[in-house]
Amino acid sequence: MLRQIAPEVFQISLMPRNSINCYIIEGVLVDSGIRSSYTTVKKAIQNIPVYQHILTHAHADHQGCSDQICDEFAIPLLCHSDEVFRTETGMVTNGYPTPQHWVAMLQQKYWAGQGHKVEQTIVENDRIGNFRVIETPGHSAGHISLFREQDGVLIIGDVATNMNLLTTATGLRLPPSIFTSDQQLNIKSLQKLANLAPAIICFGHGPILRNTDRKFERFVAKCSAAI
Ligand SMILES: [Zn+2]
Ligand SMILES: [Zn+2]
């Protein structure tokens with residue numbers, strides 16, 4: 001399902017209850033869900049043309065159909081240099097604290113897409129249209145977020161989720177530790193994002209958050225106090 005969130009920002013909800021999302025921002029596809037998301041992502045970008053594809057990070061639920069989409073639409077793939085290995089090999093659980101965990105094995109087998117060549121790497125402060133690249137390592141080594149200052153839209157990837165991934169109940173959470181390389185570093189990245197005072201937060205998992213009451217900053221303060 002395709003939904004407009006802000007000017008030139010569209011959410012592609014790939015699973016029920018927004019449990020996996022990707023986005024189109026100013027003509028750029030950000031993430032691509034899991035392997036079976038292909039038809040939905042393809043339909044979305046037939047409606048809203050894109051000229052490149054960026055990964056917040058190369059986990060199986062974000063790069064699942066990146067290879068197919070980039071081939072089909074002949075668009076370049078971009079990610080941070082610390083995600084290049086996972087992106088190009090498709091070995092997406094590399095970097096998990098326990099890659100042999102059975103859930104990780106299932107993700108690798110059933111969700112992950114093929115690797116795909118990275119055309120260009122991105123770093124802190126690169127511009128993607130009006131969005132700025134923010135390096136937010138921790139959940140994975142080369143995780144990035146994207147922030148548009150003019151209206152406070154933040155594409156947060158998996159630095160936080162707005163859903164309990166087991167029950168699907170809405171609410172701000174840290175990403176599960178078994179899929180996070182360094183949770184303490186991830187919390188530092190969360191603090192960096194809280195300092196931007198985002199207005200509209202778009203998650204890899206869970207519904208969009210309109211941050212009118214500074215709920216996000218309060219959540220980050222709580223996480224920071226716990227470490
Ligand atoms: Zn992830
Ligand atoms: Zn994810």
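The values are calculated or read from the model by the stated rules, or taken from the named source; none is laboratory data. These numbers were taken from a predicted model, which means no experiment stands behind them. Every residue, glycine among them, receives a Cβ derived from its backbone with ideal geometry; neighbour counts consider all protein chains shown. Surface accessibility is based on the protein's heavy atoms, side chains included, excluding ligands, DNA and RNA. Shrake-Rupley method; radii C 1.70, N 1.55, O 1.52, S 1.80 Å.
Here the condition is being within 18 Å of the chain's Cα centre (by Cα), open to solvent by 20 Å² or more (accessible area, probe 1.4 Å), over 28 Å from ARG3 (Cα atoms) and of a type in the set (Asp, Glu); of ASP182, ASP126, it holds for ASP182 alone.
Among the residues of this structure, ILE144 does not count as one that is in contact with a Cys (Cβ under 6 Å, 6 or more places away or on another chain), within 16 Å of ligand 1 (Cβ to nearest atom) and within 26 Å of PHE216 (Cα to Cα). Entry remark, region 196-212: residues being assigned to a loop (DSSP other than H, G, I, E, B) and more than 16 Å from ligand 1 (Cβ to nearest atom) number 8 in total.
What residue, among those in region 185-196 that are surrounded by fewer than 17 Cβ atoms within 10 Å (Cβ to Cβ) and among the polar types (S, T, N, Q), is farthest from ligand 2 (Cβ to nearest atom)? Filtering region 185-196 for residues that are surrounded by fewer than 17 Cβ atoms within 10 Å (Cβ to Cβ) and among the polar types (S, T, N, Q), the one farthest from ligand 2 (Cβ to nearest atom) comes out as ASN195. Whether any residue in region 89-102 is on the phi < 0 side of the Ramachandran plot, at pLDDT below 95 and out of contact with any helix residue (DSSP H, G or I) (no Cβ under 9 Å at 6 or more places or on another chain) is what I want to check. Yes, region 89-102 contains a residue that is on the phi < 0 side of the Ramachandran plot, at pLDDT below 95 and out of contact with any helix residue (DSSP H, G or I) (no Cβ under 9 Å at 6 or more places or on another chain). Of the residues that make up region 200-207, is at least one within 19 Å of the chain's Cα centre (by Cα) and free of Cβ contacts under 8 Å to residues at least 40 places away in the same chain? No, because not a single residue in region 200-207 is within 19 Å of the chain's Cα centre (by Cα) and free of Cβ contacts under 8 Å to residues at least 40 places away in the same chain.
Scanning region 129-179 for residues that are surrounded by fewer than 16 Cβ atoms within 10 Å (Cβ to Cβ) and of a type in the set (Ser, Thr, Tyr) yields THR167, THR168, THR170, SER177.
Count of region 59-91 residues, restricted to those that are in a strand (DSSP E or B) and within 16 Å of ligand 2 (Cβ to nearest atom), is 2. Selection over region 126-153 of residues that are away from ligand 2 (no atom under 16 Å from the Cβ) and among the aliphatic types (A, V, I, L, M) gives a count of 4.
Hey, any hits in region 24-37 for a residue that's touching a residue at least 40 places away in the same chain (Cβ under 8 Å), out of contact with any His (no Cβ under 8 Å at 6 or more places or on another chain), part of a loop (DSSP other than H, G, I, E, B) and under 22 Å from ILE134 (Cα atoms)? Yes; the residues of region 24-37 include at least one that is touching a residue at least 40 places away in the same chain (Cβ under 8 Å), out of contact with any His (no Cβ under 8 Å at 6 or more places or on another chain), part of a loop (DSSP other than H, G, I, E, B) and under 22 Å from ILE134 (Cα atoms).
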